[in-house]
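The values are calculated or read from the model by the stated rules, or taken from the named source; none is laboratory data. Quick caveat: nothing in here was measured; it's all calculated off a predicted structure. Positions of Cβ are backbone-derived with ideal geometry, glycine not excepted, and every protein chain shown enters the neighbour counts. Only protein heavy atoms, including side chains, enter the accessible area calculation; ligands, DNA and RNA are left aside. Shrake-Rupley method; radii C 1.70, N 1.55, O 1.52, S 1.80 Å.
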Amino acid sequence: MYNQTSSPNPNNFIKTTTIIHLGLLIGQVLFGTVVFFSAQNPVVDLHPGNDVIFYVAPLMIIAAMFVGSLLYKQQIKKSAEKTTVKEKLGVYQAALIMRCAASEGASFFCIAYTLITANLFYLILAGVNIIYFISIRPTREKIEEALNLDYNEKAVIDG
């Protein structure tokens, strides 16, 4: 019987983690695209007036990047305590999901606010955040470096 709470299978880990990241990315891009094409009279308005969100949104994007990276690094440190590659990969996947969730939340906020205001400034902010999101895409090299895997541990991932 398959146990859903078990650690990821090392042989499929990179593929699974990449698919999770891609799914989260596609959700942001699709939502942003729908909002862009459904906005009524969209403009890029750089004059905030009384709109506090004009200042909050960029700070939220920066904070999400910072907090996501901080949580990621804290989780990755825990992988040193693990003895098996499977356990280390489980820690990495949890860390990556936390990092992605912080970034994704900020993007969704900006995209939703674009829908409310039709101000494409917020969609541009989300776009910048999506570029950051793409840059944190998990690759074999990034995973091996983050977890500080030795030659034998790398061989387990390769199958």
For the stretch 50-84: of the residues being aliphatic (A, V, I, L, M) and touching a Ser or Thr at 6+ places or on another chain (Cβ under 9 Å), which is nearest to TYR132 (Cα to Cα)?
MET65
Give me the pairs: first residue in the stretch 54-76 and under 17 Å from GLU104 (Cβ atoms), second residue among the polar types (S, T, N, Q) and in a helix (DSSP H, G or I), beta-carbon distance under 7 Å, and six or more apart or on different chains, which are they?
ILE61/ASN129; ALA64/SER103; MET65/SER103; GLY68/SER103
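So that you can scan it fast, the table gives a plain yes or no per residue for (1) closer than 30 Å to THR114 by Cα; (2) outside any helix (DSSP H, G or I):
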{"site": "PRO58", "(1), (2)": "yes, no"}
{"site": "MET65", "(1), (2)": "yes, no"}
{"site": "ALA80", "(1), (2)": "no, no"}
{"site": "THR83", "(1), (2)": "no, yes"}
Which number in (1) closer than 22 Å to THR16 by Cα; (2) under 17 Å from the mean Cα position of the chain (by Cα); (3) in contact (Cβ under 8 Å) with a residue 60 or more places away in the chain marks the one condition that ARG99 misses?
(3)
Selected residue [touching a helix residue (DSSP H, G or I) at 6+ places or on another chain (Cβ under 7 Å), among the β-branched types (Val, Ile, Thr) and either over 14 Å from PHE37 (Cα atoms) or surrounded by fewer than 20 Cβ atoms within 10 Å (Cβ to Cβ) (or both)] from ILE124, ILE134, ILE111, ILE116
ILE134
Please indicate, with yes or no, whether at least one residue in the stretch 56-70 is of a type in the set (Ser, Thr, Tyr), open to solvent by less than 90 Å² (accessible area, probe 1.4 Å) and more than 15 Å from the chain's Cα centre (by Cα).
no
Subset of the stretch 81-96 [surrounded by fewer than 18 Cβ atoms within 10 Å (Cβ to Cβ) and either in contact with a His (Cβ under 9 Å, 6 or more places away or on another chain) or among the acidic types (Asp, Glu) (or both)]
GLU81, GLU87
Pull out all pairs, ordered by first then second residue, where Cβ-Cβ is under 7 Å, the residues are six or more apart or on different chains, the first lies in the stretch 141-156 and is touching a residue at least 60 places away in the same chain (Cβ under 8 Å), and the second is hydroxyl-bearing (Ser, Thr, Tyr).
ILE143/TYR92; ALA146/TYR92; LEU147/SER79; LEU147/TYR92
Verdict on GLU141 being of a type in the set (D, E, K, R) and surrounded by 14 or more Cβ atoms within 10 Å (Cβ to Cβ):
no
